[in-house]
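Shown next, in structure tokens, is the structure this report addresses.
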Amino acid sequence: MLIMQNRVALVTGAATGIGEGIARLFASMGAKVILLDRDAAHNEATARSIDGARAVTVDVCDGEAVDTAVRNVGRVDVLVNNAGIFPRRKFIDMTEAEWDQMQNVNLKSMFHCIKAVAPGMIAQGSGKIVNISSVTFHLGTSELSHYVASKGGVIGLTRSLAREFGEHNVHVNCITPGAINTESEKNFVNDEAVRFMVSQQCLKRRIVPLDIARAALFLASDLSDGLTGQTLNVDGGWVMH
Ligand code: NDP
């Protein structure tokens, strides 16, 4: 059963990692997937390897560029706000520019992307928005105060928009991934930290992009039609809330 057939799905930060995993699974379930990422070469290469996918190069922090990109796409059924950055920094050493950049990429980008798709979704009387937050919001991880604050903002945005958009049958939900085995994770944690995180999980294996993609598929498809404003924690049973 191709549960995403005839759906147009925009996935941000889809050239690699979790976004790529989401784009691949959605396409395999029949969706026409548009990959939004800022790295044109990488994004186009990824799109070429996914059936029927299209790459659109855009910096999700640039509201005008996002708006133009979405206008060119036309109808959008699903938006997955996944693009994000996670450089560690002690609060005491953090500059205002670093704080602002984190909020811009991880949170304000969602303002731009949702602003661009929401009028169309409201007009068509349906839509699924899936925002990617992080388990670090539940954990309050140190040396990531700017990141954790941005990801808490994502959960707040999700809840408030679910209330605003519900009457238009536009669903807004959120995923908090745990420690996910992506290439960029290597810049963030070492092997010892990874072993520790797995030891904290109920499931004693690495959680991979496909695990997040499966949860995103649920939230983007009819399977989750009775659910909005929720945060699904996909972390192998690390945090329970
Ligand atoms: P990756 O770094 O592997 O992929 C993120 C993608 O987003 C990259 O292609 C990146 O491009 C792109 N991107 C970043 N900024 C922008 C921008 N301004 N405009 C357009 N594209 C952009 O990250 P992950 O797949 O690991 O993470 C994806 C999401 O999941 C993030 O929101 C992250 O916070 C969240 N998450 C990840 C976890 C993990 O363990 N990996 C755990 C919890 C949450 P570029 O390469 O040029 O930066």
Calculate, in nm to one decimal, what Met240 and Phe196 gain on full extension: separation in residues at 0.36 nm each, minus their alpha carbon distance. 14.1 nm
Cross-link partners among lysines for Lys32, C-alpha distance below 30 Å, same-chain residues fewer than 8 apart left out? Lys108, Lys115, Lys128, Lys151
Tell me the net charge near Arg71. Cut-off is 13 Å between Cβ atoms, Arg71 excluded, with +1 for each Lys or Arg and -1 for each Asp or Glu. 0
Roughly how many Å is it from the Cα centre of region 227-241 to that of region 47-109, as a whole number? 23 Å
Among Leu210, Phe165, Gly63 the positive-end extreme of the charge dipole of region 8-229 (Cβ point charges): Leu210
How long are the three semi-axes of the equivalent ellipsoid for region 8-229, computed from the Cα gyration tensor as the root of 5 times each eigenvalue, in whole Å, largest first? 26, 19, 18
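Taking a probe of 1.4 Å, how large is the accessible area per residue of region 8-229, in Å²?
Per-residue value: 46 Å².
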I want to verify a result. In a Gaussian network model of the chain, Cα cutoff 10 Å, which of these has the top mean-square fluctuation: Lys186, Lys151, Lys128? Lys186
Each label point is 7 Å from the Cα along the Cα-to-Cβ direction; what then is the distance between the points at Gln230 and Ala123, in nm? 3.1 nm
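Order the peptides 132-143, 86-97 from the highest to the lowest mean number of other Cβ atoms within 10 Å of their residues.
My ranking of the peptides, most packed first, is 132-143, 86-97.
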At R0 = 41 Å, FRET efficiency that the Cβ-Cβ distance of Ile3 and Ala40 yields, to 0.05: 0.85
Leaving ligands, DNA and RNA out of it, rank His168, His146, His112 by accessible area with a 1.4 Å probe, largest first. His168, His112, His146
The chain: calculated mean residue ellipticity at 222 nm from DSSP helix runs of at least 4, using -39500 (n - 2.57): -13000 deg cm²/dmol
If I stretch the segment between Met94 and Asn72 completely, what's the gain in nm (0.36 nm per residue apart, minus their alpha carbon distance), one decimal? 4.1 nm
At a 1.4 Å probe radius, carbon and sulfur cover how many percent of the accessible area of the chain? 52 percent
Compute the separation of the alpha-carbon centres of region 135-155 and region 173-193 and state it in Å as a whole number. 13 Å
Taking 0.36 nm per residue of separation between His168 and Glu143 and subtracting their Cα-Cα distance, the length gained on full extension comes to 5.0 nm
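The values are calculated or read from the model by the stated rules, or taken from the named source; none is laboratory data. All of these numbers come straight from a predicted model, not from anything done at the bench. Note that we place each Cβ from the backbone using ideal geometry, even for glycine, and neighbour counts take in every protein chain shown. Keep in mind that these areas ignore ligands, DNA and RNA; they rest on the heavy atoms of the full protein, side chains included. Shrake-Rupley method; radii C 1.70, N 1.55, O 1.52, S 1.80 Å.
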